[in-house]
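The next block holds one structure in the form of structure tokens; read it before the comments.
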Amino acid sequence: MRDYITFILNGEEQRVCDIAGDTTLLNWLRQFKTLTGSKEGCAEGDCGACTVVVAKPRQDGALVWRPVNACILFVGMLEGTSVTTVEGLSQSWAAPPEGLHPVQQAMVTHHGSQCGFCTPGFVMSLFAAWCNGTGLEADNIDDTLAGNLCRCTGYRPIVDAGLSLASSVVPDFEQRRRQREASLIAAIAHDDTVSLGDDRNQFVAPAKASEFATSYAQWPDVTIVSGATDVGLWVTKQNRLLPTMLWTGRVSGFDQIKIDAARLRIGPAVTHHRALEELAPRWPEIAETMRRFGSTQVRASGTVCGNIANGSPIGDLPPMLIALGAEVELTHGKASRRLPLEDFFVAYGQQDRAPGEFVSSLIVPSAPLPYLRCYKLSKRFDQDISAVMGAFTISHSDGVITAARFVFGGMAGVPQRAYNVEAFLCGKPLATASFANAARLLRDDFSPLTDMRGSAEYRTQAASNLILKYGLDICEGIKIRLAGPEAETSLATLSVAVPS
Amino acid sequence: MNGPLPTSQSLPGVTGIVHSRQSHDSAHKHVTGMAPYVDDIKTPNNTVVVLIGQSTHAHARIITMDLSDVISAPGVVRVMTAADIPGRNDCSPVHGDDPVFADKVVEYLGQSIFAIVAETMQAARDALAFAKVVYDPLPAILTIDQAMKEGSFLGPSATMASGDPDSAIATAKHSLTGRIEMGGQEHFYLEGQAALAVPGEDGDMNLFCSSQHPTEIQHKVADVLGTASHAVTVETRRMGGAFGGKESQGNLPAVTAALAAHLTGRPAKTVYDRDDDFMLTGKRHDMRIDYSVGFDSDGRIQAVIFDQALRCGMSWDLSEAIATRAMCHADNAYHIPHMRVISHRCKTHTQSNTAFRGFGGPQGMVGIERVIDAVAHHLDVDPLVVRQRNFYPHKDNEESALAHTHYGQTVSDSIIADITEQLVVSSDYHARRADIGVFNKANRWVKRGIALTPVKFGISFNTRFLNQAGALVLLYADGSIQLNHGGTEMGQGLNTKIAQIVAHEFGVDMGAVKITATNTGKVPNTSATAASSGADLNGMAALNAARTIKSRMVDYLATLHAVDSSNISFADGRVLIGTESLSFAEAAKAAYLGRVQLSATGFYATPKLHWDKDSGSGRPFYYFAYGAAVSEVAVDMLTGENRILRTDILHDAGRSLNPAIDLGQIEGGFVQGAGWLTTEELVWNDAGKLTTHAPSTYKIPACSDRPLIFNVALFDGENTEESVHRSKAVGEPPLMLGLSVLFALSHALGGVGSVAYPDLDAPATSERLLAAVARMGGPGIA
């Protein structure tokens, strides 16, 4: 086991040891490296001012570049990667032979900065998209920038800067950088377990699944870290001391999605971004909702299994996954068990997970669900935690509903099915009125709370309306859209009577 | 896609650098991460950090405060309480009512009661948990309704009036009464409050602050340390956003850093993290406005009475001036002959609300725009008709000489009718409104709405003495120029504009002008960079300084070359002297060798202003800035979700000093205003704790919230007053263009088909919209 970590920073190899295991990349950059271009705007992964780009090889060996929030990323998570910060774009590492980097120049040309504090983060989000060759088009630039807040410009000039960068041509200086980056990463690759820490706390990154499981079974009090999009906040926001952290991200095989004819098996370190690549083509309905889950940065770090394991009552994924009939696999040492995901969530803050047991897989049946629909209601459209999340699916036979799954987040202490609604629907005709009538029973299923995201009244009313909305879609093909071409065509022909 | 922008090419008769599109002077540093903010400044190794300990009660007596375990915690250097202050325990901007550390009674949850001085922030955070404070809770007043009911005010209510509104309403053909409530707004500058204090010799203190008001920080630090202003120097190079939130709210971090530096003899830094920033600092005032209006069947408004109650929080801060501006903007762009505005300054046990872009003006305007909307609904006409019918007369109309506001100022520069007419055409308003009518009849589940709202915003500080500025221009013998002025750079491009003004005056390239940090040691007694006045005041002061140097050069060169001074001109980096020509650098060198003083201060005080605070009348504003926006929205009737489909803006920046920068102010201001009125919701719980204290819970607009189609153009005109190059202030006015979104949402709700008025409060969250849909008998599950 190595007690130091190795990664590339702006083209230079770094060996880091003897710092607290909970040191965030942002604090390390700003305090230890005096690289102050990356800014702290929130320390919770919401504003994006700290965005840096992390390059890693995919399974096929090709590099991918992910924008991440350095404020909630632990330094140990960088083992074997290549990090580029805003300073790196201006140095020989990434800069063109003369002048500013094209991404930086576009921001200047389009007047994309005013106060300039958010600007390094925007530059790095655009840089990641520019590297990956996707995310700079009119239909996806909002996703690219959803994790970066700007309070000055109103975004239009930044969007224009991004759109101006869309190009399939990779300049020579960038080709050379990528070759160099690939060789630098290859040169530091190894298979050892690593740890980083001091007398305050330790960050341990096992390399093998058996080692991970054994360690956790042996020391069930350690904190498992996956993407740190939640655990990172325990440190930055709650100032919690986590004496030992055990990271899933380096474990060989943990980042795999195994696919066979019947199911997808999602490993503990699979990020939302990676999962979305597999889920989206199978269930397009999930794609749009997952696209609004966190931000590009959060989806690049956060993991599906982590989202489940931490048992958030709101988490947008569980309702969708429960609707899909997903199962969770829990492992303790060498033993594993499986249970339906809905049974995993016992009560608020409580999951069916014994000491030493960890979420080792999420198993999703790959059957297509033509009647699956997902709805996410939040105060802001992008990058906001839901007030209400709904994922609904039915089966029917000859116009009679035979089965229904109506799963809600934000309505109870755990993601939960609306059993009264489901029971009512079974045996009813496949007609909007059935859903309108079923929706009235939602009040029997849930007594939601009032909090800063929405009142109990709003949650109940909106969740009921979502059931009607679902009925309109499934029964009459009415897709309620606020904008875009569908908004006109689907609504202009509307003739449905409101069910009484 | 944006509308045409006036450029120097399209403005006849204008050459040179002013009126041209120039990038922000720090743009290349912003994009490379090389623009330092306070927390980026390299500090000596012995620098300590300051963490403020906050009250956990909204209103309570402090019985005991035991910090002994804090002091003994590892890495803690010392703690600071009220007893450690050598001077005055106050950091308020005006009224002396903001203690640095509350020592007997706490008046909001989050209030500063002590501070930890530590080697590292981790040590300070770890130690914070060891503070033992015992409180005796007192009843807390949290809301406007509670304050109004219990008579909790900071001072007497104020009134502004014209004509006889009571009789006019009584005799009007129609009358209406109503109420609108609007929430506050967190500034959410991306850079939190930050100050670094470095002790000097003889007890001097040097500070680097993220502040709109270095002079006030100089004064407050001197007060707290019990020293004179000359011992304190404050420097501000740039802020990572401010929006009014760093006018007075930078005082506490600065004085705590200075106090720590004073007590330890070490450099000290106070930097708020995001949650502390939310909990400690004031926000935009939330407001409740009751109205009565009398009008005729044509929609002509005879009289309005407004009762404005604003939540000031636990102390005055700048609330008196903010309340006054809210009163002064209760007319917006409408000439209402009979009007009375009453203002109640509610004291609550919450953060002390403060300046925020618009400074009360936006709240006042929401009141009158709501009245217009309600009147139009009552008469079943397009609100635009009511708006146009009540506009102040056009500046070229002789009636404008008689058009007085309710505070007695003549509105002689109105171009709102022109702007509106042009915008109605360019936005295709009438056809789109007709289309929306058809759409809403055909669609049950989505309703659309459109609204045009105007802006007339008074430019100048209401407080007369603040309308002054100074500058210092240094011309070196190589022809390079160092520029300093009293304004601060917060992203608005002030330094760029003033460099343009100075470069233009000397006829040199902007590259010849070095912009330097604002520093109380260079230009003293400055006003806050606020009230949109930065370029107007400091630009004029810099222009005056440049003119002083230039005229000395002209006098000298005229004598030297025996030409009349009228034959000397500065252009294209050269000085033309009769038939001869010198490079600007040669001319500077010649003047230096001729022993001509090449440095000058410049000063400016806005003319024509007078204001009688007691009667609430006078001419508080040098001129008005105008603009208008048309927004179209769509609302999901089952969820309240909504989207801005299109916004068209035509805005008056006078003869713009820099159309690129002004465009940025307009677009950004609009989006910020729209955010205030839609998704930005501050929530306090019953204990008075702000529960929305980070971006995870407080939602400013994100990228996808900007209008899907966004057409923004500058109105082609110039200031009728002699402002700097006939430009107009542009910082605050565009924020109020965001009102078009609120009233477009109101229009969309009207599409439900009910005869009831939507009575929409702000922020119009999805939740509020869905509740309105339900009230109006919309299509959801009953």
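The values are calculated or read from the model by the stated rules, or taken from the named source; none is laboratory data. The shown structure was predicted, so the numbers you read here are calculated from the model rather than taken from an experiment. Methodologically, a virtual Cβ is constructed for each residue, glycine included, from the backbone with ideal geometry; neighbour enumeration extends over all protein chains shown. The area values use the complete protein model at the heavy-atom level, side chains included, leaving out ligands, DNA and RNA. Shrake-Rupley method; radii C 1.70, N 1.55, O 1.52, S 1.80 Å.
Which of the residues spanning the stretch B:23-55 are in contact (Cβ under 8 Å) with a residue 60 or more places away in the chain and more than 30 Å from the chain's Cα centre (by Cα)?
Within the stretch B:23-55, B:Thr43, B:Pro44, B:Asn46, B:Thr47, B:Val48 qualify.
Kindly check whether there is at least one residue in the stretch B:715-728 that is open to solvent by less than 20 Å² (accessible area, probe 1.4 Å) and within 18 Å of A:Arg151 (Cβ to Cβ).
Among the residues of the stretch B:715-728, not one is open to solvent by less than 20 Å² (accessible area, probe 1.4 Å) and within 18 Å of A:Arg151 (Cβ to Cβ), which makes the answer no.
The rows are residues; the columns are (1) open to solvent by 10 Å² or more (accessible area, probe 1.4 Å); (2) modelled with pLDDT of 95 or more.
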{"residue": "B:Leu708", "(1), (2)": "yes, yes"}
{"residue": "B:Val712", "(1), (2)": "no, yes"}
{"residue": "B:Pro733", "(1), (2)": "no, yes"}
{"residue": "B:Gly738", "(1), (2)": "no, yes"}
{"residue": "B:Ser754", "(1), (2)": "yes, no"}
{"residue": "B:Pro758", "(1), (2)": "no, yes"}
{"residue": "B:Glu767", "(1), (2)": "yes, yes"}
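Select from the stretch B:237-266 the residues that are in contact with a strand residue (DSSP E or B) (Cβ under 7 Å, 6 or more places away or on another chain) and open to solvent by 10 Å² or more (accessible area, probe 1.4 Å) and list them in ascending order.
Across the stretch B:237-266, the qualifying residues are B:Leu252, B:His262, B:Leu263, B:Thr264, B:Gly265, B:Arg266.
So which of B:Leu609, B:Leu638, B:Leu598 ends up being at negative phi and within 14 Å of another protein chain (Cβ to nearest Cβ)?
B:Leu638
Which residue is surrounded by the most Cβ atoms within 10 Å (Cβ to Cβ), if the candidates are limited to the stretch A:459-481 and must be of a type outside the set (A, V, I, L, M), without any contact (Cβ under 8 Å) to a residue 12 or more places away in the chain and closer than 18 Å to B:Ser766 by Cβ?
Within the stretch A:459-481, the match that is surrounded by the most Cβ atoms within 10 Å (Cβ to Cβ) is A:Gln461.
I need the full set of residues from the stretch B:629-659 which are open to solvent by 10 Å² or more (accessible area, probe 1.4 Å) and outside any loop (DSSP other than H, G, I, E, B), in order please.
B:Glu632, B:Asn642, B:Arg643, B:Ile644, B:Leu645, B:Arg646, B:Leu650
Is it the case that A:Leu145 is within 9 Å of chain B (Cβ to nearest Cβ) and either crowded, with 16+ Cβ neighbours inside 10 Å or not aromatic (Phe, Trp, Tyr) (or both)?
Yes.
Return a yes/no flag: does the stretch B:197-205 have any residue that is of a type in the set (A, V, I, L, M) and touching a Leu at 6+ places or on another chain (Cβ under 7 Å).
yes
Being within 14 Å of chain B (Cβ to nearest Cβ), crowded, with 21+ Cβ neighbours inside 10 Å and within 17 Å of the chain's Cα centre (by Cα): is that true of A:Asn140 here?
It is false that A:Asn140 is within 14 Å of chain B (Cβ to nearest Cβ), crowded, with 21+ Cβ neighbours inside 10 Å and within 17 Å of the chain's Cα centre (by Cα).
Any idea which residue in the stretch B:137-156 is nearest to B:Ile62 (Cα to Cα), counting only those that are small (Gly, Ala, Ser) and either within 28 Å of the chain's Cα centre (by Cα) or crowded, with 17+ Cβ neighbours inside 10 Å (or both)?
Only one residue fits best here, namely B:Ala140.
With the condition kept exactly as written, say whether any residue in the stretch A:162-175 is facing chain B (nearest Cβ under 10 Å), touching a helix residue (DSSP H, G or I) at 6+ places or on another chain (Cβ under 8 Å) and crowded, with 16+ Cβ neighbours inside 10 Å.
Looking for residues that are facing chain B (nearest Cβ under 10 Å), touching a helix residue (DSSP H, G or I) at 6+ places or on another chain (Cβ under 8 Å) and crowded, with 16+ Cβ neighbours inside 10 Å, one finds at least one in the stretch A:162-175, hence yes.
Using beta carbons and a limit of 6 Å, which pairs, at least six apart or on different chains, have the first residue in the stretch B:435-462 and facing chain A (nearest Cβ under 9 Å) and the second one among the polar types (S, T, N, Q) and open to solvent by 20 Å² or more (accessible area, probe 1.4 Å)?
Filtered contacts from the stretch B:435-462: no entries.
Given B:Ala499, B:Ala471, B:Ala477, B:Ala545, which one is open to solvent by 20 Å² or more (accessible area, probe 1.4 Å), of a type in the set (A, V, I, L, M, F, W, C) and farther than 24 Å from B:Gln193 by Cβ?
B:Ala477
Going through B:Ile41, B:Ile17, B:Ile62 one at a time, which residue ends up being buried (at least 16 other Cβ atoms within 10 Å of the Cβ) and at pLDDT below 95?
B:Ile17
Tell me, please, whether a residue that is part of a strand (DSSP E or B) and either out of contact with any helix residue (DSSP H, G or I) (no Cβ under 6 Å at 6 or more places or on another chain) or at pLDDT below 95 (or both) can be found in the stretch B:86-108.
Yes - at least one qualifying residue is present in the stretch B:86-108.
Scanning the stretch B:662-712 for residues that are more than 7 Å from every other protein chain (Cβ to nearest Cβ), farther than 23 Å from B:Gly358 by Cα and not hydrophobic (A, V, I, L, M, F, W, C), which turns out farthest from the chain's Cα centre (by Cα)?
Filtering first and then ranking leaves B:Asp686.
At least 1 residues that are open to solvent by 30 Å² or more (accessible area, probe 1.4 Å) and closer than 25 Å to A:Val304 by Cα in each: list the strands (runs of 3 or more DSSP E) lying fully within the stretch A:182-225 that qualify.
Fully inside the stretch A:182-225 and qualifying: A:202-205, A:223-225.
If the Cβ limit is 8 Å and pairs must be 6+ apart or interchain, which residue in the stretch B:234-245 that is more than 7 Å from every other protein chain (Cβ to nearest Cβ) pairs with which residue that is crowded, with 24+ Cβ neighbours inside 10 Å and at pLDDT below 95?
No pair meets every condition.
Please work out which one of (1) in contact (Cβ under 8 Å) with a residue 60 or more places away in the chain; (2) not in a loop (DSSP other than H, G, I, E, B) is the condition A:Asn148 fails and give its number.
In the conditions (1) in contact (Cβ under 8 Å) with a residue 60 or more places away in the chain; (2) not in a loop (DSSP other than H, G, I, E, B), A:Asn148 misses (2) alone.
Please list, ordered by residue number, the strands (runs of 3 or more DSSP E) wholly in the stretch A:34-87 having 3 or more residues that are in contact (Cβ under 8 Å) with a residue 24 or more places away in the chain and within 14 Å of chain B (Cβ to nearest Cβ).
Because the criterion is at least 3 residues that are in contact (Cβ under 8 Å) with a residue 24 or more places away in the chain and within 14 Å of chain B (Cβ to nearest Cβ), the strands (runs of 3 or more DSSP E) in the stretch A:34-87 that meet it are A:51-57.
Going through A:Ala300, A:Ala213, A:Ala228, A:Ala262 one at a time, which residue ends up being on the phi > 0 side of the Ramachandran plot and in contact (Cβ under 8 Å) with a residue 60 or more places away in the chain?
That would be A:Ala228, the only listed residue that is on the phi > 0 side of the Ramachandran plot and in contact (Cβ under 8 Å) with a residue 60 or more places away in the chain.
Please specify each residue of the stretch A:280-297 satisfying the condition of being in contact (Cβ under 8 Å) with a residue 24 or more places away in the chain and either in a helix (DSSP H, G or I) or out of contact with any His (no Cβ under 9 Å at 6 or more places or on another chain) (or both).
Result: A:Arg282, A:Trp283, A:Glu285, A:Ile286, A:Glu288, A:Thr289, A:Met290, A:Arg291, A:Arg292, A:Ser295, A:Thr296, A:Gln297.
Has the stretch A:228-241 got any residue that is away from chain B (no Cβ under 14 Å) and small (Gly, Ala, Ser)?
Yes, the conditions are met somewhere in the stretch A:228-241.
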